[in-house]
């Protein structure tokens, strides 16, 4: 009897977990695969910015939705802003870059 109760609890928990994950993805109109692709793009853009000495990767935020990268934050020059956009454009899977970085000397 104890084993049966444990199995029912585990199955119920897994069902609730699966329902929660699928609902959150559907709400954003993305499949799980698209969400993972966007997360990969964001990670690659951020890593390349942190590796580039001409860009302050810690001052620029990167978000991705359906292959569109949104850059925000602050740059010290127009050159830094343009370099950040160029870095994002070179990442595989990026379909568009929206550069909302503010230049602040």
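The values are calculated or read from the model by the stated rules, or taken from the named source; none is laboratory data. This is a predicted model, so every value here is computed, not measured. Don't worry about glycine lacking a Cβ; one is built from the backbone with ideal geometry, like all the others, and counts go over all protein chains shown.
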*Mind telling me which of the residues 78, 92 ends up being in contact (Cβ under 8 Å) with a residue 40 or more places away in the chain, surrounded by fewer than 13 Cβ atoms within 10 Å (Cβ to Cβ) and assigned by TED's automatic domain parsing to the domain that holds residue 35?*
92
*(1) within 17 Å of residue 38 (Cβ to Cβ); (2) part of a strand (DSSP E or B); (3) in contact with a helix residue (DSSP H, G or I) (Cβ under 6 Å, 6 or more places away or on another chain): which one isn't true of residue 101, the others all being true?*
(1)
_Out of 72, 56, sole residue that is surrounded by fewer than 17 Cβ atoms within 10 Å (Cβ to Cβ) and modelled with pLDDT of 95 or more_ = 72
*List, please: which pairs have Cβ atoms under 8 Å, are six or more places apart or on different chains, and start with a residue in region 35-61 that is farther than 17 Å from residue 82 by Cβ and end with one that is assigned to a helix (DSSP H, G or I)?*
35/25; 58/50
